[in-house]
Amino acid sequence: MQLRDKKKNIFFPGFWGIFGGNIKLKESPSKAITRELGEEINLNFRTPIKKLRLDIYSELFNPKRKRTFYVCKPKKIPKKIKINEGKKFGLFSYNQLKKLRVVPFDFSAISYHYFSEIKKIQILLNPLDLI
């Protein structure tokens, strides 16, 4: 997780958030996240795997925001990680994250991943179960 800078022009300043960024023109989402992670934390990643997309509707966000989350595995884990953006980074358990100020959308994605992939709890109903 990245501790975001306390700058007025950034999204959720001073909160912990997931590393990432914007897609450049004619860039695929998976290429964008791989590029952003390389720029921000100097790591090379395998092709991103699972993803979750959130469409955020609110009077505070006009137009609506779209956030896509990926699980990325590094090709190699170095002994020391150097970040190029944010105040600092940290590695946290899910219980530790619950005590921090985390970007709400990022915490939603982390919670979904934690319960569905780590704990293996079916948190969403199968639409066919509703019939």
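Working from Cα positions, state the angle (0 to 90°, nearest 10) between the long axis of helix 29-41 and the longest principal axis of the chain.
40
Given springs between every Cα pair under 10 Å in a Gaussian network model of the chain, which of GLU36, GLU59, GLU117 has the largest fluctuation?
GLU59
Mind checking the alpha-carbon convex hull of the stretch 40-94 and giving the volume per residue in Å³?
Value for the stretch 40-94: 145 Å³ per residue.
Going from most exposed to least, what order do ASP106, ASP5, ASP55 have by accessible area with a 1.4 Å probe?
Reading off the accessible areas and sorting them downward yields ASP55, ASP5, ASP106.
State, as an integer percentage, the relative contact order of the chain based on alpha-carbon contacts under 8 Å between residues 6 or more apart.
25
Just ILE110, ILE121, ILE23 to compare: in a GNM of the chain, with alpha carbon springs under 10 Å, which one fluctuates most?
Ranking ILE110, ILE121, ILE23 by mean-square fluctuation puts ILE121 first.
Per 5 Å bin from zero, what fraction in whole % of the C-alpha pairs of the chain is there, up to the bin with the longest pair?
2, 9, 16, 21, 23, 16, 8, 4, 2, 1, 0
Could you give the nm distance between label points at ASN9 and LEU60, where each point is 7 Å from its Cα heading toward the beta carbon?
2.2
Which one of LEU54, LEU25, LEU91 has the biggest mean-square fluctuation once the chain is modelled by GNM with Cα springs under 10 Å?
Between LEU54, LEU25, LEU91, it is LEU25 that shows the largest mean-square fluctuation.
Count charges around VAL71 for me, please; just the other residues with Cβ under 12 Å from its Cβ, Lys/Arg as +1, Asp/Glu as -1.
Cβ neighbours under 12 Å give a net charge of +3.
How charged is the neighbourhood of HIS113? Take every other residue with its Cβ under 12 Å from the Cβ of HIS113, and add Lys/Arg as +1 and Asp/Glu as -1.
+2
From the square roots a ≥ b ≥ c of the eigenvalues of the alpha-carbon gyration tensor of the stretch 1-78, which class results: rounded (a/c under 1.5), prolate (a/b over b/c), or oblate?
Oblate.
With 30 Å as the limit, write out which pairs from LYS7/LYS119; LYS6/LYS119; LYS31/LYS64; LYS66/LYS119; LYS99/LYS120 have Cα-Cα distances beyond it, or answer none.
LYS7/LYS119; LYS6/LYS119
The values are calculated or read from the model by the stated rules, or taken from the named source; none is laboratory data. From a predicted model like this one, the values you see are computed outputs, not experimental measurements. Please note: Cβ atoms are built from the backbone with ideal geometry, for glycine as well, and neighbour counts cover all protein chains shown. The protein model used for the area step is the full one, side chains on, heavy atoms only, and it has no ligands, DNA or RNA in it. Shrake-Rupley method; radii C 1.70, N 1.55, O 1.52, S 1.80 Å.
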